[in-house]
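The values are calculated or read from the model by the stated rules, or taken from the named source; none is laboratory data. Being a predicted model, the structure only gives us computed values, none of them experimental. We place every Cβ from the backbone using ideal geometry, glycine too, and count neighbours over all the protein chains shown.
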Amino acid sequence: LWALKDGEKYIGKYNEVRPNMYNTAIFGGIRNIHMGVDIGGPVGTPCMAFADGKISHFGYNPEPGDYGHVIITKHNISGTTVWALYGHLDSTSVKDKSIGQIVNKGEVIAWFGARHENGGWEPHLHFQLSLLEPETHDLPGVVAPEDRAQALLDYPDPRLVLGPIY
């Protein structure tokens, strides 16, 4: 996971312990439990909405190690409201987006970004679910070990909507 060539395909797992990976200032303290799924691939790889919904937030988190460009969508799945974060995107992903904009299942809504625009990472999508309504275009993608139990309740396994990808 850590020694990838640009554009290499890989899956970074949910609830995975990642020691010594998150060491930029934004991670203050020990936060190394991954709360999403990372899907690696070439810059420009399209990202599709997993279900019908609408855009609830979008923006740019510019700090090294952060998400870069990000979109959060809101969905109603069997009567439960769930938000989905798509992170490490290219700049065109957020261009012409609007809060409340409808997204349809299977619609391309974003593309993998390059290092200069995605927080400094190899190109990949960070996909994360949340049962908590985000206040901004951000969610904690990694949490501290002492916060793990609550985070597993608040941020369910993305395979619930992505299927058995690993």
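Quick look at the numbers
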quantity	calculated
Number of the condition not met by ILE109 [criteria: (1) within 16 Å of ASN61 (Cβ to Cβ); (2) touching a residue at least 60 places away in the same chain (Cβ under 8 Å)]	(1)
Selection from region 87-134 of residues that are touching a helix residue (DSSP H, G or I) at 6+ places or on another chain (Cβ under 6 Å) and small (Gly, Ala, Ser)	ALA110
Hey, ASP52 surrounded by fewer than 18 Cβ atoms within 10 Å (Cβ to Cβ) and either at negative phi or modelled with pLDDT under 95 (or both) or not	yes
Any hit, region 89-100, residues being under 25 Å from VAL43 (Cα atoms), hydrophobic (A, V, I, L, M, F, W, C), in contact with a Gly (Cβ under 8 Å, 6 or more places away or on another chain) and outside any strand (DSSP E or B)	yes
Count - residues of region 30-69 that are closer than 21 Å to ALA151 by Cβ, in a strand (DSSP E or B) and of a type outside the set (A, V, I, L, M, F, W, C)	5
Where ALA114 falls short, out of the listed (1) touching a Gly at 6+ places or on another chain (Cβ under 9 Å); (2) assigned to a strand (DSSP E or B); (3) of a type in the set (A, V, I, L, M)	(2)
Matching residues in region 117-147 - criterion: being charged (D, E, K, R) and in a loop (DSSP other than H, G, I, E, B)	GLU117, GLU122, GLU133, GLU135, ASP138
So SER91, is it surrounded by fewer than 18 Cβ atoms within 10 Å (Cβ to Cβ) and in contact with a strand residue (DSSP E or B) (Cβ under 7 Å, 6 or more places away or on another chain)	yes
Matching residues in region 116-146 - criterion: being touching a strand residue (DSSP E or B) at 6+ places or on another chain (Cβ under 9 Å), charged (D, E, K, R) and free of Cβ contacts under 8 Å to residues at least 40 places away in the same chain	GLU135
Residues being farther than 21 Å from GLY41 by Cα and either surrounded by 19 or more Cβ atoms within 10 Å (Cβ to Cβ) or within 14 Å of the chain's Cα centre (by Cα) (or both) - total across region 62-88	5
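Condition check ((1) of a type in the set (A, V, I, L, M); (2) at pLDDT 95 or above; (3) farther than 21 Å from GLU135 by Cβ; (4) surrounded by 14 or more Cβ atoms within 10 Å (Cβ to Cβ)) across all residues:
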| position | (1), (2), (3), (4) |
| --- | --- |
| LEU1 | yes, no, yes, yes |
| LEU4 | yes, no, yes, yes |
| GLY36 | no, yes, no, yes |
| ILE99 | yes, yes, no, no |
| ILE102 | yes, yes, yes, no |
| PHE112 | no, yes, yes, yes |
